[in-house]
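Every number in this text was worked out from the coordinates using simple rules, so none of it is lab data. Keep in mind that this is a model prediction, so the values were computed, not measured. Note that each Cβ is placed from the backbone with ideal geometry, even for glycine, and that neighbours are counted across all protein chains shown.
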Amino acid sequence: MSAVAPRAEDSEFRIVVSRKGKNRPKSRAKLQTSFNRPQEQSVERTEVCHHTATKQLQAAESELLQSAFFSECCEEFQPILVGVKRIICLGLGRFSECSIARYQLAFIRCLRDKANLGERVQFYDPVFSSSEVEILQSLAETVLQENVEGKYSTESDRTLFYLPHCPKQIVNNVLWKNWQQEHLTNVILLCNSFCSITNNHPRRFLEKSAGYILRATGVFREVPLRNNFRFTDIFNDTSLHYISTGVKLDDISWENTEEPSYDTEDLELITKEVVENLVFS
Ligand SMILES: C[S@@+](CC[C@H](N)C(=O)[O-])C[C@H]1O[C@@H](n2cnc3c(N)ncnc32)[C@H](O)[C@@H]1O
């Protein structure tokens, strides 16, 4: 008997399109974003997709709400999330096609509602299809239009950044943008574990590619999310990171806050330029 834990990725069913020519390789690979994707699907097909995707999301939400995994998360996270005014979700991925992204979407919507963290989540991922943008909007969520590569300032709002398995350069950019006393204490990050990032990469590489994460490990407290959901590849290696009230802010180095820049060969995130070129080419 196999003792392998179930993975959401393996449970995915795929739609096989058998119409002639549909599976032929395209002559030129082109990344399609929510802003340049051709509207080639018929209205009926789009509506069916909306309906299916919304039903699947509802099923994922109801499963999560009944799970011990979600109850434990809420119990542990709720006290830390008190006062959160804004939730920004980046790097969710194609939730109408990928069950990992769908459960991650279900998770943040359920957490927002359970913990009374406001009305809407703000989403951005350059790979969202136009249909996914419409689904989020029809669910009364907000879809941000601009690729700021994670450089969002919290200003005076305590903000939860939900970045499920997001490129670490996006996390690094969030930290850079808020690296000042009044802002950094408003940053809460639910993303890949800082501990794993620092343990699994050479320091020399991190100094170039994730310098603010390195600095943040000494400042942020990390609460690992217990990965006991039915599927093990959705919420793995995920922690909540925040600055606890006991931290002496005067001991933190607030100087040397150069904007990060990444070597092209090390780029993990989709840059502003890539998206702009796709839109206007
Ligand atoms: C490793 S995937 C994670 C997808 C999904 N959340 C998961 O756990 O499987 C990283 C995601 O980050 C997104 N991403 C890349 N650059 C981004 C940017 N500038 N802003 C927001 N999301 C970005 C990608 O499009 C992709 O969906």
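Label point of Trp254 set 7 angstrom out along Cα-Cβ; within segment 159-198, amide nitrogens under 16 Å from it belong to 176-187.
Could you state the number of Å between the C-alpha centres of segment 110-188 and segment 213-240? Each part's Cα centre sits 17 Å from the other's. Strictly over 21 Å apart at the Cα level, which of Lys168/Lys272; Lys85/Lys177; Lys85/Lys208; Lys168/Lys248; Lys151/Lys208; Lys168/Lys208 would you flag in this model? In this structure, Lys85/Lys208; Lys168/Lys248 lie more than 21 Å apart at Cα. In a fully extended conformation the segment linking Glu146 and Asn200 would gain 16.3 nm over its present Cα-Cα distance, using 0.36 nm per residue. If r is the Cβ-Cβ distance from Ala59 to Lys114 and R0 is 22 Å, what FRET efficiency results, to the nearest 0.05? It comes out at approximately 0.80.
Under 5 Å from the amide H of Ile243 lie the amide H atoms of Arg221, each residue being 5 or more positions distant or on a separate chain, with H modelled from the backbone and absent for Pro and chain starts.
Above 30 angstrom, tally the Cα pairs of segment 48-280 and express them as a % of all pairs, no decimals. Value for segment 48-280 (Cα pairs over 30 Å): 23 percent. When Val82, Val274 are arranged by Cβ crowding within 10 Å, least crowded first, meaning fewest neighbours, the order is Val82, Val274. Ordering 260-271, 115-126 by mean Cβ neighbour count within 10 Å, with the highest value first, yields 115-126, 260-271. In a reduced charge model with +1 at each Lys and Arg Cβ and -1 at each Asp and Glu Cβ, segment 48-280 shows a dipole moment near 520 debye about its Cα centre.
With the highest mean first, a sort of the peptides 201-210, 57-66, 83-92, 174-183 on other beta-carbon atoms found within 10 angstrom per residue produces 83-92, 174-183, 57-66, 201-210. Within segment 60-85, find all residues whose amide N lies under 16 Å from a label point positioned 7 Å from the Cα of Leu139 along Cα-to-beta-carbon. Correct set: 60-66.
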